[in-house]
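For reference, the structure discussed in these notes is given below.
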Amino acid sequence: MKKQKSKNKLTVIDFFCGAGGFSEGFRQQGYEIILGVDFWQPAISTYNHNFNKEFQPKNVLDFYDSIEEIEKLPNSDVIIGSPPCVSFSSSNKSGKADKEYGLRLTESFLRIIAVKKHQPKSKLKAWFMENVENSKKHLKESYSFSDLNLTSWARSMKINPNQIAIQVEGNNHVINSANYGSFQSRKRLITGEIIKKGKFIIPKIGFSNKTEDLLPNFKSLGMLLKSFPSPYDKSSERLIKDPSYDIQIPLNKITDHFYDTGIYTSDWDNSKYLKTNHPYMGKMSFPEDINNPSRTITATKIANSREAIIYNCELNRNGNGQYRTPTVREAAIIMGFPITYQFVGSENTKWKLVGNAVCPSVSRALAKTLKEILFLKSNSKLTVFKKPKLEGVSSLNTFSIKTFDKPPIKNKGSRFRRHPFKAGNMTIALSNYDIEKNEKIIGKWKSTVFYGTGEGFGISKFKEGDYKKLEPTIKKHFDDGEKFMAIINNGFSEKIADKTLLQKMYEEHKSIGDFLEPTRLINEVAKIVEKFDSKNEVYEQIGVKFFEKDIVPKKQLYALYAINKIISTANNK
């Protein structure tokens, strides 16, 4: 079949358009974006700025009950959308997000597609929906017209309302953005259909981490950090090349990058603990592994969390500012936005806009695949803005160094739980509440042994003074036992404050006088115990038993001694 010449650009409508990442990929392939729909004003403001539009905020739920609202929409060749994913995200362990609300938004979107696809003389050529992997379990295999509240409309079209309007099962695929040139490994479920084929066509990948694919390797985070200026560079006219696009602009025209994202010690230390020593989850790199693509950019930027993305700081600092989070511009590049793309709002708003977006590299691959199916020429030279549109945009750039004079403070009565290490599938925790009962109110400090890392595993609680019961066993079984206990009781114990001051130091993230705040106490326990465990010895319980397991690592016996000493001292001062 001969290739047809396109007289006009293919048109696109983007629902839940956000900052415009989904649209950007289609624009780069030469499509015309005719409408973006989103309820959040910062998203619409950002979208309008980058696509030279004047759209107003609108709720996609407006289309759920109104055929008239759908019919007002212009007909387009392509419909794309990314319903809010928080309802379905696997990170939503608590189940607090409203899944019913998420499903209603999704069905409202599918309802629009059903009408536009099945209406007389439909021009719709494809539709695509992006969401988190976990959303698949919440979607139906197919949706009839009646499922989508389209019974009356279907009858008016002389269609059986029970007929399938949208087929989901078999028309979706989990796509990793790293396969399409992104600097991050971001896996998302893409559901859709190229009408001509009657199914979803998986775009050809261009990058891989499998040698048998004979493709260029994934782009690593290190490649980005090496090729792009440091946030601490001085303002200049030096030309900077976009890491992903044929764009060069002066350094001082790059927005949202040249500001200090260094983080307080208390924040990065907590993130490090949760990544490398979490009570029940697997180990993660700290700081980030720059030899691989970045982890997924999320919509929320919290420096002290397990999910936080943390880099070594380019400045020679120890403690506060030793590590930093990505700038908004770095996050946008990782997502696949050109350096000329602008975001409207505060730092948190901009980060949310970036983290909620669809990777343009993925949407560009979808757009290219559709053109190939339609025998239309794809854009070898991408349509991107060579110069940034800076009017009306407030940049985060300061070209200055942060002063760490406002350390974070926890709320009064904040709960504390931490263990020095995992060994033998066990942890020994120091806490200011009963972990087993999940007490909401703090009380005395407690020492607790956990056998395993999930529900159903055993727990042993040790009362104040129980460390003394361990002393004969430690002396008898280990040659260095007396030396270890001497260090704990003479030197270390003097660093333990009373329970009230210990709580105060924890809330203020600082040690006071000679006393160590509880996080540092646990770190100190880990250092001391590690020095006495060069041979990875074990303690085999015979006679008196302290643990539910017959054989436990020596280091856990020592850790229990030290942590029980902490609670015994703190609670009785």
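Every number in this text was worked out from the coordinates using simple rules, so none of it is lab data. Fair warning: this is a prediction, and the values are worked out from it, not measured in the lab. Glycine gets a Cβ as well: all are built from the backbone with ideal geometry, and neighbour counts include every protein chain shown.
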Label-to-label distance, nm, for residues given as Lys475 and Val538 (7 Å Cα→Cβ offset): 2.7 nm
Folded to 0 to 90 degrees: helix 467-477 orientation relative to the chain principal axis, Cα: 80 degrees
Estimated distance in nm for a label pair at Gln119 and Lys545, the labels positioned 7 Å out from Cα along Cα-to-Cβ: 7.3 nm
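Grab the beta carbon distance between Ser66 and Ser378, set R0 = 35 Å, and tell me the FRET efficiency rounded to 0.05. Walk me through the numbers before you get to the answer.
Numbers: r = 37 Å, r/R0 = 1.05.
Computed FRET efficiency for Ser66 and Ser378 comes out at 0.45.
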Relative contact order computed over the stretch 417-572 (Cα-Cα under 8 Å; 6+ residues apart), in percent: 29 percent
Simple Cβ-charge dipole of the chain, Lys/Arg +1 and Asp/Glu -1, about Cα centre, in debye nearest 20: 1220 debye
Anchor Lys406: lysines whose Cα lies under 22 Å away (excluding residues fewer than 8 positions away in-chain): Lys272, Lys301, Lys504, Lys510
Theoretical ellipticity at 222 nm over the chain - DSSP helices of four or more residues, -39500 (n - 2.57) apiece, nearest 500: -8500 deg cm²/dmol
Per DSSP, loop GluC sites (Glu not before Pro) in the stretch 296-341 with at most 15 further Cβ within 10 Å: Glu307, Glu314
Which of Phe532, Phe375, Phe343, Phe26 has the fewest Cβ neighbours within 10 Å, and the rest in rising order: Phe375, Phe532, Phe26, Phe343
Helix 554-572 vs. the chain, principal-axis angle (Cα, 0 to 90°, nearest 10): 80 degrees
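What percent antiparallel are the DSSP beta bridges of the chain, to the nearest 5?
Numbers: 39 of 54 bridges.
The antiparallel fraction comes to roughly 70 percent.
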Gyration tensor over alpha-carbon atoms, the stretch 417-572, equivalent ellipsoid semi-axes in Å: 24, 19, 13
Farthest positive-ward along the chain dipole, Cα basis, beta-carbon charges - from Val328, Tyr311, Ile13: Ile13
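Can you sort Ile442, Ile428 so the residue with the fewest Cβ neighbours within 10 Å comes first?
Sorted ascending by nearby Cβ count, the order is Ile442, Ile428.
Over all distinct Cα pairs, what is the inverse of the mean 1/r for the chain, reported as the Kirkwood hydrodynamic radius in Å?
27.0 Å
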Relative packing of 222-230, 501-509, 538-546, which averages over residues the other C-beta atoms within 10 Å, highest first: 501-509, 222-230, 538-546
